[in-house]
1. Return Asp104, Asp97 ranked ascending by Cβ neighbour count within 10 Å, so the fewest neighbours appear first.
2. Order these by the 10 Å Cβ neighbour count, fewest first: Ile66, Ile20, Ile41, Ile100.
3. Starting from one equal scatterer on each C-alpha and no solvent at all, send me the Debye-based log10 I(q)/I(0) for the stretch 66-122 at q = 0.19, 0.31 Å⁻¹, two decimals.
4. Apply 1/(1 + (r/R0)^6) to the Cβ-Cβ distance of Arg77 and Ala36, taking R0 = 25 Å, and write down the FRET efficiency to the nearest 0.05.
5. Do any of Lys38/Lys87; Lys38/Lys67; Lys17/Lys107; Lys38/Lys85; Lys38/Lys107 go past 23 Å between their Cα atoms, and which?
6. Which residue, Ile69, Pro93, Ser113, has the largest displacement toward the positive end of the dipole of the stretch 66-122 when charges sit on each Cβ (Lys, Arg +1; Asp, Glu -1)?
7. Gln96 versus Lys64, label points 7 Å from Cα toward the beta carbon: distance in nm?
8. Compute the FRET efficiency between Thr115 and Asp43 as 1/(1 + (r/R0)^6), taking r as their Cβ-Cβ distance and R0 = 25 Å, and round to the nearest 0.05.
Amino acid sequence: MEKDKVFNYGFEESALKTLIYDVVRTALSNHFNESALKTLIYDVVRTALSNHGATASTPPVHEKPIKGIHELAKFLRISSTRAQKLKNEGVFPYWQDGRILFFDPDKVRATISKTVKTRKGKA
């Protein structure tokens, strides 16, 4: 049997695998979405590292921008016509490179969240 590798932070490989497995199993049983699962894993690892005198920096999140009206429509699960109308109304911030439009997925989500909260408040 191969001896477990010991990481720089003093964790044995099998202990780390068990920890991650337990976190994923718990998250899935509680119906966490992908973003919540990533946050949970990050928090658990950060806590484990800090308990051993190490620190973890926030991992950079680089989600590809949404490219064009058709991808925006697919992202929002609406028609291309509706996506174009929302873009023309200035609902979502975008930038343009030549003739190609780009939308930041995080800003699109934030706009949708804000709009949903506003509508719930009025109803």
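Read-outs: derived from the displayed coordinates by stated rules, not from any lab. What you see is a predicted model; the values in this text were computed from it and never measured. Cβ atoms come from the backbone with ideal geometry, glycine included; neighbour counts cover every protein chain shown.
1. On the way: Asp104 16, Asp97 8.
Ordered by Cβ neighbours within 10 Å, fewest first: Asp97, Asp104.
2. Values: Ile66 23, Ile20 13, Ile41 16, Ile100 9.
Starting with the residue having the fewest Cβ neighbours, the order is Ile100, Ile20, Ile41, Ile66.
3. -0.64, -1.37
4. Details: r = 20 Å, r/R0 = 0.81.
In this case the efficiency is close to 0.75.
5. Details: Lys38/Lys87 30 Å; Lys38/Lys67 25 Å; Lys17/Lys107 34 Å; Lys38/Lys85 34 Å; Lys38/Lys107 19 Å.
Cα-Cα > 23 Å for Lys38/Lys87; Lys38/Lys67; Lys17/Lys107; Lys38/Lys85; rest within.
6. It is Ser113, whose Cα lies furthest towards the positive end.
7. Simple spin-label model gives 2.3 nm for this pair.
8. After rounding to 0.05, the efficiency reads 0.30.
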